[in-house]
Amino acid sequence: MKDHFFLAFSNLRRRGLRSWLTMIGIFIGIAAVVGLISLGQGLQGAINEQFEQLGKDKIIIQSKTIGPPGSATSEKLILTTKDLEAIKNVRGVESVVGMLMKTSFLKFKDESKITFAIGINPEDISIFSEMQNFKVIDGRNLKKGDGFKAIVGYNNAVDEKIWKKAVEVGSTIEIEGVEFKVVGILGKTGDPYNDAGIYVPKETLREVLNVNDEESEIIAKTQSGFNPSDVADAIIRKLRQERDEKKDQETFNVQTSEQLLTTFTNIFGIVQAVLVGIAAISLVVGGIGIMNTMYTSVLERTKEIGTMKAVGAKNSDILQIFLFESGLLGLVGGTIGVALGIGLGKSVEFIAATALGTNLLRASISFPLIFGALTFSFLIGTLSGVLPAMQASKLKPVDALRYE
Amino acid sequence: MKNDYIIELKNVCKYYKLGDTEIKALCDVNLQIKRGDFLAIVGPSGSGKSTMMNLVGALDISSRGDIFLDGQNIEHLPESDLAQIRGKKIGFVFQTFNLIPTLNAIENIALPMIFHGVGKKERMERAEKILKEVSLTHRREHLPKQLSGGERQRIAIGRALANDPEVILADEPTGNLDSKTGMEIIKLFVDLNKKGKTIILVTHNLDLIKYAQKVLKIADGKIIEHRKIKQQKVK
């Protein structure tokens, strides 16, 4: 078998340019598949980590809007402090945190931006920080009694990232023309939304933005010993009663962090399958390329096949040589593809980290991915070579020798 | 006990279909070739000499009759058995050399041994020895395209000797060579014959007949003459 492999390899070497051109189809396909899967796995891992941080005991309550939290405009859709208080009374709920998120006109030094300002009750800051993995790296956190004070996400404190000049502890940021003194800088979380955030006391933000009792997002923590999904069901029942809504016509969404993760994983899985599917089309094209090359090779080498049969090669010998050859085209193409795919994944990771400031998009290169991609490319090559190899092996020696 | 005849053809016919027409390439051929013979098969183009070579070399099967190789009837054998017989008992030498272009001289010589399951070490030792016999040790690593016509044919003869077959079947082996190189090749065959190999030389070059011991003339698919001749020495 080793000798058959050698014969196949020497043939590929002879047809260098054609072999390379044939392999392009495979390595583009494998590179795309490896790149997409590695990024997908990395993203999935990062999201799992984020949910781990959030904790399995959390329940997220949002209004049923298409946009991000805080974008509900209809009175009926808006969640209120009344809802938050009602949730506090649900059995199994340990604590509840409400957030107010509003796009606002922000100004720092001479620069102005329209972005999210996030209002948190300073009493809830420790539980909120735990959920979002917030750590103050400079200054202090918000505390009870704070009024026009703010803490800012990491990216605000880096030159040219969000603002031309970095925000520092002691700086002043204006929200809708009202000055807030920065008292703390948060450490990098890797989530670009969190890292760009500006967090102020909720009641102060309400005053500034003239918002009454709206809560953009409510997060409830389940008491230990209670099942989060049972508590979520109880919250749904309570809110339905509180807001006078009928079953299946609710204007709010209640999901446990695990349900959210499952929903996200399902959607993400479908998106990834579609992308990988599209990339796999090029693998089919690559396979057809190999088949075409192998058929051409059989025709060109008909006399050679006849000679090998004349000197004692059996049909199975010829079959093996041609299958090894097509398999090698796939394998070598796949190896280059894997290397390119890793490069592609790592490049996207690098660009995402430097240009977008996120560490959510990272390429996860695992042994099963590399091994799987190589095995798959070898199989594509081999399968594409089956028909040409069978044609070659079945040639009658006398006809093959006579072929001109 | 070994049969006196290495090859026997009994009432062998070969027909080809060309559309609706049946062409008789060989018709009721009976032939016995002794071990150690040097037989020259001659005849004009289309006479059936190549057909006979294909049948004797187990490259093709007859339409009727029996072919015995070393006492074994090779008709009705499956292709895998025929491949083994070709590899072990017959060495082919072709007019166009038919060397594998990607393999160097020694690898081409060793090729039949691969299909016969000979291990690499033994294979290379034997190929090395054969390379010496055909006086091309210095061309060991050269690819066919780097060799002259005569050298290529010597490598082809070396390949034919790889599995130490009893019969060497040569189809117009000097057809692509100049007369001087052609004579060197014929001398190689004569030497091999002296060492006990049965040589079957298919040619339309009547000048080469004199170096054989027997001549077989074919015309219109029939043997018209089969006789001993006085073998001349190659100058």
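Read-outs throughout are calculated quantities, based only on the coordinates presented, and are distinct from any laboratory measurement. A quick note: this is a predicted structure, and the numbers were derived from the prediction, not measured. All Cβ positions, glycine included, derive from the backbone under ideal geometry; neighbour counts span all protein chains shown.
Set the Cα radius of gyration of the range B:104-235 against 2.2 N^0.38 Å, with N its number of residues, and you get 1.13. Here the range B:38-66 and the range A:157-202 have alpha carbon centers that stand 95 Å from each other. Its Cα gyration tensor gives the range A:65-250 an equivalent ellipsoid, and the semi-axes of that ellipsoid, as √(5λ) in whole Å with the largest first, are 31, 18, 14.
Relative to the longest principal axis of the Cα atoms of chain A, the long axis of helix A:315-351 makes an angle of roughly 20 degrees.
Extent along the principal axes, Cα only, for the range A:76-172: 48, 32, 23 Å, with the longest axis given first.
If you average the alpha carbon positions of the range A:369-387 and of the range B:128-205, how far apart do those two centres end up, in angstrom? Answer, in whole Å: 42.
Per-residue ellipticity at 222 nm computed for chain B from its helices equals -9500 deg cm²/dmol, with DSSP H segments shorter than 4 residues left out and the rest contributing -39,500 (n - 2.57). Values of log10 I(q)/I(0) for the range A:167-287 across q = 0.18, 0.23 Å⁻¹ run -1.12, -1.28, by the Debye formula with one identical scatterer at each alpha carbon and no solvent. Among A:D248, A:D138, A:D317, determine the one that fluctuates most according to a GNM of chain A built with springs between C-alpha atoms less than 10 Å apart. Among A:D248, A:D138, A:D317, the largest mean-square fluctuation in the Gaussian network model of chain A belongs to A:D248. With one equal scatterer per alpha carbon and no solvent term, the Debye-computed log10 I(q)/I(0) for the protein assembly as shown at 0.05 1/Å reads -0.48. Hydrophobic long helices, here whole DSSP H runs in chain B with Kyte-Doolittle means of at least -1.0 and Cα atoms spread over 20 Å or more along the helix axis, are found at B:179-194. For the protein assembly as shown, build the charge dipole from Cβ charges (+1 Lys, Arg; -1 Asp, Glu) around the Cα centre, then report which of B:A40, A:S224, A:N359 sits farthest towards its positive end. Farthest along the dipole direction, towards plus: B:A40.
Radius of gyration over Kirkwood radius for the range A:202-246, both on Cα atoms: the Rg/Rh ratio is 1.13. Amide hydrogen proximity for A:F116: with H placed 1.01 Å from N in the peptide plane, the residues at 5 or more positions away or on another chain lying under 5 Å are A:S104.
Enter the mean number of other protein chain beta carbons within 10 Å of the beta carbon of each residue in A:295-304, as an integer.
Details: counts 0, 0, 0, 0, 0, 0, 3, 0, 3, 5.
Mean number of neighbouring Cβ atoms from other chains: 1.
Please tell me which of these pairs span more than 27 angstrom C-alpha to C-alpha: A:K2/B:K145; B:K88/B:K180; B:K14/B:K235; A:K303/B:K228; B:K14/B:K210; A:K56/A:K346? Checking Cα-Cα distances, B:K88/B:K180; B:K14/B:K235; A:K303/B:K228; B:K14/B:K210; A:K56/A:K346 exceed 27 Å.
For the protein assembly as shown, the share of DSSP beta bridges that are antiparallel, to the nearest 5, is 70%. Dividing the Cα radius of gyration of the range B:1-150 by 2.2 N^0.38 Å, with N the residue count, gives 1.22.
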